[in-house]
1. Testing residue 130 on (1) in contact with a strand residue (DSSP E or B) (Cβ under 8 Å, 6 or more places away or on another chain); (2) surrounded by fewer than 20 Cβ atoms within 10 Å (Cβ to Cβ); (3) modelled with pLDDT of 80 or more, one condition comes back false. Which one is that?
2. Got a sec? Which strands (runs of 3 or more DSSP E) wholly within the stretch 139-238 have at least 3 residues that are over 30 Å from residue 100 (Cα atoms)?
3. Restricting attention to the stretch 49-61, does a residue exist that is part of a helix (DSSP H, G or I) and buried (at least 16 other Cβ atoms within 10 Å of the Cβ)?
4. Restricting to the stretch 62-116, give me the number of residues that are buried (at least 20 other Cβ atoms within 10 Å of the Cβ) and assigned to a loop (DSSP other than H, G, I, E, B).
5. Just to be sure I understand, how many residues within the stretch 20-38 are in contact with a strand residue (DSSP E or B) (Cβ under 9 Å, 6 or more places away or on another chain), assigned to a helix (DSSP H, G or I) and surrounded by fewer than 16 Cβ atoms within 10 Å (Cβ to Cβ)?
6. Among the numbered conditions (1) under 19 Å from residue 94 (Cα atoms); (2) in contact with a strand residue (DSSP E or B) (Cβ under 7 Å, 6 or more places away or on another chain); (3) touching a residue at least 24 places away in the same chain (Cβ under 8 Å), tell me where residue 150 comes up short.
7. Looking at this structure, is residue 13 surrounded by fewer than 17 Cβ atoms within 10 Å (Cβ to Cβ) and either touching a residue at least 40 places away in the same chain (Cβ under 8 Å) or not assigned by TED's automatic domain parsing to the domain that holds residue 101 (or both)?
8. When you scan the stretch 59-76, how many residues do you find that are within 16 Å of the chain's Cα centre (by Cα) and either under 13 Å from residue 8 (Cα atoms) or outside the structural domain of residue 106 (by TED's automatic domain parsing) (or both)?
């Protein structure tokens, strides 16, 4: 399935380069270009695009604000940010962007972004969350959702645990729960969300609570509050 795309960047050479890369990657038909947000809005009103490849730093309305505005449409296009700056990844996640690519973009990386849109998301705007912006050792990273075992609330922030690593997210546990629930994540406690695919063992505890053992090397344990037990059992088919 070929997706109809709009390329939005205030620099013409950047638009041309992205057109070339998209042609190499395949699966995309670029049927529109815009040099700023105002032009992009006019084009989107005229043609139903499947995906918008969007720069962030532009004169006038920024790409981030444009993405937020497009999210209000009845059938919004999927958004893939293509930018020279990595520090906006958290904001991109908040506006539910399908992906976030940092220039210079390689064809293989661009192809992976496109594959996430089609055929799983033939209807515009339904791209699943695939990566979460996190921080570790002063660096901003994009963590694959499939690597996450569980998440723990820490004040207004969250810690995301993989198999042996811990990452900081500036997003609240509630926001992460809302975005990751469609990917099989479940709120088991006021402080914990787990990836149900990563649960190895469910142990009944005193007082009607449960204790989950995860599949990571450390066999991490996550408590389940009594209030969450019935819905968790239903989700796990117990």
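1. Status for residue 130: all satisfied but (3).
2. 199-204, 210-214, 221-224
3. No; the residues of the stretch 49-61 include none that is part of a helix (DSSP H, G or I) and buried (at least 16 other Cβ atoms within 10 Å of the Cβ).
4. Residues in the stretch 62-116 being buried (at least 20 other Cβ atoms within 10 Å of the Cβ) and assigned to a loop (DSSP other than H, G, I, E, B): 4 in total.
5. Here the count works out to 1.
6. (1)
7. In short, no.
8. Residues that pass the stated criteria total 2.
The values are calculated or read from the model by the stated rules, or taken from the named source; none is laboratory data. On a predicted model such as this, the values are computed, not experimentally measured, just so you know. Glycine gets a Cβ as well: all are built from the backbone with ideal geometry, and neighbour counts include every protein chain shown.
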